[in-house]
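The values are calculated or read from the model by the stated rules, or taken from the named source; none is laboratory data. Given the structure is predicted, the values throughout are model-derived calculations rather than measurements. Please note: Cβ atoms are built from the backbone with ideal geometry, for glycine as well, and neighbour counts cover all protein chains shown. Just so you know, the surface numbers come from the protein's heavy atoms only, side chains and all, with ligands and any DNA or RNA stripped out. Shrake-Rupley method; radii C 1.70, N 1.55, O 1.52, S 1.80 Å.
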Amino acid sequence: MKTNRLRTLIMFLTLCFTLGACVDVEQYDNSPRGNFEKLWQIIDENYCFFDYKQQTYGLDWNAVYNKYAPQFGDNMTEEQTFEVLSNMLAELKDGHVNLFAPFDVGRNWSWKEDYPSNFSEDLIKKYIGTSYKIAAGMKYCILNDNVGYLRCSTFTTDFGAGNLDRILLYLAPCNGLIIDLRDNGGGMVSSAETLAARFTNKEVKVGYIQHKTGRGHNDFSPLREQILKPSNGLRWQKKVVVLTNRGVFSAANEFVKYMLCLPNVAVVGDQTGGGAGLPFTSELPNGWTVRFSACPIYDRDGKNTEFGIAPTHPVSLNILDAASGKDTLIEYARMLLVN
Amino acid sequence: MYSFGYGVHYAFGLLQQRLQLQVGARAEANVGFIYNTHNSNNPAQARLFLHFAPSAVASYKVRVANVPLLLRYEVSVPLVGVMFSPNYGQSYYEIFSQGNYDHNIVPTTIASAPSFRQMLTVDFPVLHSTVRLGYLGDIQQSAVNNLKTHVYTHGVVIGLVKRFTLIKIAP
């Protein structure tokens, strides 16, 4: 009886142990062609803007394969392989798409490099001088017409609640607030939310987000609402002007999107650079990493902001103003806030 | 990563009780994360699962230079369980900052998460304790939410063995 029970248990265990199998993953050679195949596949299965970019400028990722595959050969150097792979990725026209090698970063920055910057650090210095305050990585001061000025150049740092409370407390007597976002390349979406939360008193729908659920170009989850919740700290109640240029990208683009949903907010400057895809990274057989847009984020009307958000007041830096030490965008913002 | 396991086995003695075979099942829980500095928005991959696994243990008593040793081999294969997994392209921002659940607690079977855990160890006495030293091989795989994961562990294990006896007292 005992022997029978033992035999039965051993047979059951043997059956269990043979039921499992390996989870296979396709392997690619660490050759120029192998790295090309892997990179093309990573983007093909994970990139989130194929349909949008096919409609916008006719992107066809299969055609890109046919165009670049013949360019790869076994005798290519590392630098040559990097150059051709970067050229292929540039077809996506996406600032969130980068190829990282030990010697260079493949990039497409045409979304800002092809346009005037509308920003000068030297002009900013004429407004804020040297006795500005610094908190949470931001510079802030009160201009001579009692307009508050907050320079937010990045969202890569966390904003402490206490920091934001003290900033807004200091600026509370001001008639209005300028948030200078120019050349802010982004950072953490959560930081953009933290700052935007100081400008609303109630929950506001600010957009939608979705993610891929499979390898197909159209395998997406349903759209989920993005809700901006008001901060429990000090909240700004007066007019706000956000200054933008083409360098406003990614999380900074998100911040502009949030602010346009709120009352008493104007956006002055140039169209933002865009960057509405939350990026992921993956790795090639040769160890290089590739970053790409994976989760698309939309505005509250369901529109894609990948190529930027238009300002409510398009204003460019005037060369004559600059020559006389004036920043056209700041002056325009002050005019909006005072009147 | 932290692993917890609890097993219940039925024991058989062979070769004048020098060889003991134990067959039964284990419940295994694993909590932790893997951090990949290459990744941007998903740098840390949370590892959280609970498995129920049939398992077997073979242990053999020997004496070497008059020192009692216990050679032990243990193996388990998870049969069913549950695990945490983001959906295919879902970011941790969506899950934890936005609270967007999308098939993140996934039931698993031996087909979707074929894994294998084995230990080959030797127990030997040190003062009044028993030390266990040996090799742990832990192969964890999964193919859920269109995501394939592989976590292979080959490690040296060292620990203390404590035996407890449950005594039932009938009133």
Per-residue mean of C-beta atoms belonging to partner chains within 10 Å, peptide B:82-89: 4
If the only charges are +1 at each Lys and Arg Cβ and -1 at each Asp and Glu Cβ, what is the size of the charge dipole of region A:126-213 around the Cα centre, to the nearest 20 debye? 80 debye
Label-point separation in nm, A:Thr56 to B:Asn66, each point 7 Å along Cα→Cβ: 8.2 nm
Options A:Phe103, A:Leu317, A:Asn175, ranked by Cα towards positive dipole end of chain A, top entry (Cβ charges): A:Asn175
Antiparallel as a % of all DSSP beta bridges within the protein assembly as shown, to the nearest 5? 85 percent
Quick one: compute the contact order of chain A, relative version, from alpha carbon pairs under 8 angstrom and 6+ residues apart, as a percent. 18 percent
For chain A, set up a Gaussian network in which alpha carbons nearer than 10 Å are linked by springs, and say which option among A:Ser221, A:Ser316, A:Ser117 fluctuates the most. A:Ser221
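How much accessible area is lost when chains A and B come together, counting both sides, with a 1.4 Å probe, in Å² rounded to the nearest 100?
3300 Å²
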Given springs between every Cα pair under 10 Å in a Gaussian network model of chain A, which of A:Lys125, A:Lys38, A:Lys139 has the largest fluctuation? A:Lys125
Virtual spin-label span in nm between A:Asp301 and A:Ala323, 7 Å along Cα→Cβ: 3.9 nm
Kyte-Doolittle cut-off 0.0, length cut-off 24 Å along the helix's own axis using Cα: show which whole DSSP H helices in chain A pass. A:2-19
Let a ≥ b ≥ c be the square roots of the eigenvalues of the Cα gyration tensor of region A:262-339; is it rounded (a/c under 1.5), or, if not, prolate (a/b larger than b/c) or oblate? oblate
Please state the charge dipole magnitude for chain A, taken about the Cα centre, from unit charges on C-beta atoms (+1 on K and R, -1 on D and E), reported in debye and rounded to the nearest 20. 1580 debye
Given Cβ charges of +1 for Lys and Arg and -1 for Asp and Glu, the option among B:Pro114, B:Pro125, B:Ala44 whose Cα lies farthest towards the positive end of the dipole of region B:2-160 is B:Pro125
Cα centroid of region A:199-277 to Cα centroid of region A:63-110, whole Å: 31 Å
Note down the magnitude of the dipole of region B:2-160 about its Cα centre, charges +1 on Lys and Arg C-beta and -1 on Asp and Glu C-beta and zero elsewhere, to the nearest 20 debye. 600 debye
Specify the residue with the greatest mean-square fluctuation among A:Pro102, A:Pro32, A:Pro116, computed from a Gaussian network of chain A linking alpha-carbon atoms under 10 Å apart. A:Pro102
Which one, B:Pro78, B:Pro68, B:Ala56, is farthest towards the positive end of the dipole of region B:1-83 when Lys and Arg carry +1 and Asp and Glu -1 on their Cβ? B:Pro68
Greater than 29 Å separation of Cα atoms is the criterion. Which listed pairs, A:Lys205/B:Lys148; A:Lys133/A:Lys257; A:Lys38/A:Lys212; A:Lys112/A:Lys229; A:Lys133/A:Lys326; A:Lys202/A:Lys303, meet it? A:Lys205/B:Lys148; A:Lys112/A:Lys229
How far apart, in nm, are two points set 7 Å out from the Cα along the Cα-to-Cβ line at A:Lys205 and at A:Asn75? 6.1 nm
Carbon/sulfur fraction of accessible area - chain B, other protein chains in place, 1.4 Å, %: 65 percent
What does the average come to when, for each residue of peptide A:187-193, you count the partner chain Cβ atoms lying within 10 Å of its Cβ? 2
Determine the shielding of peptide B:142-149 by partner chains: average, over its residues, the number of Cβ atoms on other chains within 10 angstrom of each Cβ. 3
